[in-house]
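To start, the structure itself, in structure tokens.
The values are calculated or read from the model by the stated rules, or taken from the named source; none is laboratory data. All of these numbers come straight from a predicted model, not from anything done at the bench. Cβ placement follows ideal geometry from the backbone for every residue including glycine, while neighbour counts extend to all protein chains displayed.
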Amino acid sequence: MNVRLLYFAVLRDITGQSESTVSLREGARAGDVWHSLREQYAQLADYRQPPMIAVNETYAAPDTVLRDGDELAFIPPVAGG
Amino acid sequence: MNVRLLYFAVLRDITGQSESTVSLREGARAGDVWHSLREQYAQLADYRQPPMIAVNETYAAPDTVLRDGDELAFIPPVAGG
Amino acid sequence: MSYLTDEPIDIAGLVRRTTRTADGACVVFEGVVRDHHDGKTVESIFYDAYRPMAEKEIARIVSDIHRQYSDVQITVIHRLGHLRVGDVSIAIICASPHRAESYEASRLLIDQIKQTVPIWKKERGPEGEEWVGWQGR
Amino acid sequence: MSYLTDEPIDIAGLVRRTTRTADGACVVFEGVVRDHHDGKTVESIFYDAYRPMAEKEIARIVSDIHRQYSDVQITVIHRLGHLRVGDVSIAIICASPHRAESYEASRLLIDQIKQTVPIWKKERGPEGEEWVGWQGR
């Protein structure tokens with residue numbers, strides 16, 4: 001199955017992209033995607049815990065099971081206001 | 001001795017004047033002036049206690065002894081803001 | 001600078017002049033003439049003041065609050081005369097590096113100004129006019 | 001209506017549209033870009049957002065606070081893009097018949113918006129640029 005992954009703020013700078021499509025095995029969880037990102041980008045190695053996670057524009061827990069077509073985003077520490 | 005008495009808001013409406021000069025015996029207190037105003041104006045009869053009192057632009061107690069040349073004002077309930 | 005004015009209040013200009021480059025927060029309180037009070041319809045208000053004493057009293061309050069909240073830059077202006085529904089009667093502008101102090105200072109300023117500054121209002125409506133606070137005593 | 005904008009915020013216009021004739025108090029919070037943060041000089045800020053989610057999240061917060069303070073009329077707008085020192089990044093306008101509710105609602109709104117809305121800022125100064133909150137983790 002495929003999930004659309006969005007990158008914002010520092011994560012966009014680190015990965016050099018604003019979005020990508022990731023292929024996952026059935027049953028994959030949001031937290032799993034963070035761990036594969038960490039393996040790919042040395043600058044994320046220190047961040048064992050994912051930032052906040054949003055699935056389909058709503059905050060979600062790292063163990064949320066993803067479905068085909070989901071929109072996933074990791075939310076670095078917010079700083080609005 | 002003479003004291004300058006200022007009238008504001010409802011007191012200006014009741015007395016029909018914005019200021020007057022009152023002649024007082026030495027040792028007269030601010031509260032005494034209120035009591036003679038009450039005797040003069042029927043609409044003040046219900047107000048045994050004076051409103052707040054200001055002597056020379058500063059809040060003062062009813063038993064404040066007045067001096068020649070003082071500026072006295074009775075301050076009806078304030079409603080600024 | 002006077003704390004009283006007979007003209008409409010230019011809030012945007014006051015905010016611009018109050019906020020310094022070190023300030024990250026600005027809290028503005030606007031008192032507005034509303035269309036009712038104690039169940040009665042209000043059409044307009046006449047604000048009267050013991051002007052020199054009101055100036056001193058607002059200055060004293062501003063100075064007290066500024067002593068408690070030294071990071072907060074404060075501007076206060078009260079309008080006098082005839083105001084209609086929707087007109088701003090008082091503007092209090094507080095600016096500070098962080099927001100908590102400005103919120104607290106703003107709230108204390110309006111509470112204290114309403115309590116002690118010799119300003120009065122006469123409300124006018126279809127049923128006549130009345131000095132607020134007097135009849136209810 | 002959108003809670004996000006890429007243009008300067010017209011606060012006076014928003015205040016006018018938020019305040020109803022029954023309102024006697026209007027509390028405006030303005031977040032302003034300040035010239036320093038954590039001891040570093042700031043020259044400008046770039047605000048980024050996960051726009052559709054930020055819209056939903058602000059709408060949820062406004063709706064929560066409105067449920068708690070039903071007398072308070074609320075307007076919130078957050079600016080995105082490049083802002084300089086002194087520019088307003090967020091304006092929160094609360095209007096109500098009495099002032100206490102507007103002060104409380106205003107404070108809760110900014111506190112909650114800062115906690116959960118997916119908006120980020122990159123500060124730029126003489127020493128370079130940095131996403132706020134990331135390096136400090």
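Among the residues of the range D:117-137, write down those that are within 14 Å of chain A (Cβ to nearest Cβ) and out of contact with any helix residue (DSSP H, G or I) (no Cβ under 6 Å at 6 or more places or on another chain).
Across the range D:117-137, the qualifying residues are D:LYS121, D:LYS122, D:GLU123, D:ARG124, D:GLY128, D:GLU129, D:GLU130, D:VAL132, D:GLY133, D:GLN135, D:GLY136, D:ARG137.
Condition check ((1) more than 12 Å from chain C (Cβ to nearest Cβ); (2) closer than 26 Å to D:ARG124 by Cβ; (3) of a type in the set (Asp, Glu)) across all residues:
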| site | (1), (2), (3) |
| --- | --- |
| D:LEU4 | yes, yes, no |
| D:ILE11 | no, yes, no |
| D:VAL28 | no, no, no |
| D:VAL33 | no, yes, no |
| D:TYR47 | yes, yes, no |
| D:ALA54 | yes, yes, no |
| D:VAL76 | yes, yes, no |
| D:ALA100 | no, no, no |
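If you go through the range A:41-58 one residue at a time, how many are assigned to a helix (DSSP H, G or I) and buried (at least 16 other Cβ atoms within 10 Å of the Cβ)?
1
List every residue pair whose Cβ atoms lie under 6 Å apart, where the two residues are 6 or more positions apart in sequence or sit on different chains, the first residue falls within the range D:87-107 and is outside any strand (DSSP E or B), and the second residue, located anywhere, is of a type in the set (Ser, Thr, Tyr).
Here the result reads D:GLU101/D:TYR69; D:SER102/D:SER96; D:ALA105/D:TYR69; D:ARG107/C:TYR103, each pair linking the range D:87-107 to a residue that is of a type in the set (Ser, Thr, Tyr).
Given the conditions (1) over 20 Å from D:PRO97 (Cα atoms); (2) within 13 Å of the chain's Cα centre (by Cα), report the number of the one that C:THR19 does not fulfil.
(2)
So C:ASP64 passes all but one of these: (1) farther than 20 Å from D:ASP23 by Cβ; (2) under 14 Å from the mean Cα position of the chain (by Cα); (3) acidic (Asp, Glu). Which condition number does it fail?
(2)
Which condition number does D:ALA59 fail, the rest of (1) more than 26 Å from C:SER89 (Cα to Cα); (2) surrounded by fewer than 16 Cβ atoms within 10 Å (Cβ to Cβ); (3) within 9 Å of chain C (Cβ to nearest Cβ); (4) hydrophobic (A, V, I, L, M, F, W, C) being met?
(3)
What is the one condition in (1) under 15 Å from the mean Cα position of the chain (by Cα); (2) within 10 Å of another protein chain (Cβ to nearest Cβ) that C:ALA105 does not satisfy?
Result: C:ALA105 passes all but (2).
Please go through the range B:53-81 and pick out each residue that is within 14 Å of chain C (Cβ to nearest Cβ), within 17 Å of B:LEU37 (Cβ to Cβ) and either over 13 Å from the mean Cα position of the chain (by Cα) or touching a residue at least 40 places away in the same chain (Cβ under 8 Å) (or both).
B:ASP70, B:GLU71, B:LEU72, B:ALA73, B:PHE74, B:ILE75, B:PRO76, B:PRO77 - these are the residues of the range B:53-81 that are within 14 Å of chain C (Cβ to nearest Cβ), within 17 Å of B:LEU37 (Cβ to Cβ) and either over 13 Å from the mean Cα position of the chain (by Cα) or touching a residue at least 40 places away in the same chain (Cβ under 8 Å) (or both).
As an exercise: evaluate C:ILE65 against (1) under 26 Å from C:TRP131 (Cα atoms); (2) crowded, with 16+ Cβ neighbours inside 10 Å and give the number of the one condition it does not meet.
Going through (1) under 26 Å from C:TRP131 (Cα atoms); (2) crowded, with 16+ Cβ neighbours inside 10 Å one by one, C:ILE65 breaks only (1).
Suppose we keep only residues that are surrounded by 13 or more Cβ atoms within 10 Å (Cβ to Cβ), of a type in the set (Gly, Ala, Ser) and in a helix (DSSP H, G or I) within the range B:19-40. Which one would you say is nearest to the other protein chains (Cβ to nearest Cβ)?
B:ALA30
Out of all the residues in the range B:59-70, which are crowded, with 17+ Cβ neighbours inside 10 Å and closer than 13 Å to B:MET1 by Cβ?
The answer is B:LEU66, B:ASP70.
Could you look through the range D:1-56, keep only residues that are at pLDDT below 95 and assigned to a loop (DSSP other than H, G, I, E, B), and pick out the one that is surrounded by the most Cβ atoms within 10 Å (Cβ to Cβ)?
D:ASP38
Quick one: which residue in C:ASP71, C:ASP111, C:ASP87 is under 20 Å from D:CYS26 (Cβ atoms), of a type in the set (D, E, K, R) and away from chain B (no Cβ under 12 Å)?
One residue alone meets the criteria, C:ASP87.
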